[in-house]
1. At 7 Å along Cα-to-Cβ for each site, give me the label-to-label distance between L203 and Q248 in nm.
2. Over the Cα atoms of region 83-128, Rg to Rh with Kirkwood Rh, two decimal places?
3. Along the charge dipole of the chain, pointing to its positive end and built from +1/-1 on Cβ of Lys, Arg, Asp and Glu, which listed residue (N11, H62, I267) has its Cα farthest out?
4. Only counting other Cβ atoms within 10 Å, I'd like C261, C407 sorted with the fewest neighbours first.
5. Residue by residue through region 157-168, which ³J(HN,Hα) values in whole Hz follow from phi under the Karplus form 6.51 cos²θ - 1.76 cosθ + 1.60 (θ = phi - 60°), with glycine and proline marked x?
6. Return one number: the angle in degrees, 0 to 90 and rounded to the nearest 10, between the long axis of the Cα atoms of helix 119-128 and the longest principal axis of the Cα atoms of the chain.
7. Between K37 and E78, how many nm apart are label points set 7 Å from Cα along the C-beta direction?
8. Kindly provide the Kirkwood hydrodynamic radius of region 195-290 in Å, to one decimal, from all pairs of distinct alpha carbon atoms.
Amino acid sequence: MNIQSHIVEQNLQWKGNLFPVPLLKRDLFDKLYTSLKSPLITFLNGPRRVGKSVLLKQIINHLVSRNSISPSRILFFEFSPRQKKEFIWNVYLYFKQNILQNGQPIFLFFDEVQTIPGFEITIKEIYDNLDQTKTKIFVTGSPSMSYKRKMAESLAGRFIPYRLFPLNFREYLRLQESSLQSKLDDQDIDNLTRIGNAEQLNLEFKRFLSWGRLPQMLFMPENERVYYLDSSIDQTITKDAFDYFNIQNPSALSALFAYLCQNNGQIIIKENLSKASGISLTTVTNYLDVLELMGLTYTVYNSTNSIVKLNSARKIYVSSMFGLKNSKYDPQTAFGFAAESYVLERLLERNQLITFYRNRNKEVDFLLPKSKIAYEVKYRPEFQQPKVILPDFELKILSYSGSLPVCLF
């Protein structure tokens, strides 16, 4: 198939059609749609299969059907690995020469463009050579893309990053069209009533943590969900890690991730991990970074000082998509750590520094130094109040069914 056929095939709006995507939208949709008003490049990053492409197509549908934007002003293209950076220019030039009418504001949606080596140079050239008051560019990719030094240098001051996480509980209920959604609506129901429904909500929340984090999994038969989740991990570790980071030993990377799944939310000492696995300390350090950059894990330190961090304790959580995978804990404890991963993702959406507190045998799960708020997750029906005093922080307990249930966070 030639380039023209590829482009025309992907741009359904040119034929008077809308993209066949769900009508219900992720919470991030409104922020992304508002970013249309900014001349800066909107960069949407997130791990595999969380719905980045769907969001772009929903925005295009909205532009055409609600804002009456001419389809000829919109270009969408999903890139594939091993295409050269000149291919990006060729896609744009075809649009400019064959579809676009001169002088009109345009919308360029480049999906998974990070698969092309040197993409950031071409995106910069396109951005700098167009009238930025009449051009809006959307780019999607994996989390690793936003942390590459060359992108930060080439596109410095030209983009705004947005991060898409797995579904949150409200989104899950909304996509399921569940009657429980009304029990979470602050406008329709007061806090005491919501707490009264916590038991019913928690039953659904456990299902959500088990298999409800990726949009497509919601509509799969149960026997297909495990395969889908495993294939997502496999493609990320064996394919993406090689494409982006030239990982030469994916089996070691996979084994390291499996270990982190088994020890979700625990303090990790790299030196001990290196000795136990037989993998060099340099490789362990590199692979831990790679797993985090790909959105599979999150690292939380007990210090805000960038120098002290190098030698400070660190807890590593796996993405809540995989929080119950291969856990060595009993089911209740495993759900507790999966709930911590979920809370961490909700906090990361706030774009604030997150640390944890640990002093001798006393620990608090998450601290937000800027907001002066501390969160302790106690995902059990019965628990003891933490005996920790943090003078500068307001301590909030996220529990199974207390005044602030985890499922309502």
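Taken together, the values in this text are just the output of simple stated rules run on the coordinates, not laboratory data. Remember, it's a predicted structure, so these values are computed and weren't measured experimentally. No Cβ is skipped: glycine too gets one built from the backbone with ideal geometry, and neighbour counts run over all protein chains shown.
1. Spacing of the two 7 Å Cα→Cβ label points: 5.5 nm.
2. Working: Rg = 11.0 Å, Rh = 11.3 Å.
Using Cα coordinates only, the ratio equals 0.97.
3. Of N11, H62, I267, it is I267.
4. Details: C261 20, C407 28.
Going from least to most buried by this count: C261, C407.
5. For region 157-168, the Karplus curve yields x, 10, 9, 10, x, 10, 10, 9, 9, x, 3, 8 Hz.
6. 60
7. Computed distance between label sites K37 and E78 equals 3.1 nm.
8. Details: mean 1/r = 0.0635 Å⁻¹.
Result for region 195-290, one decimal place: 15.7 Å.
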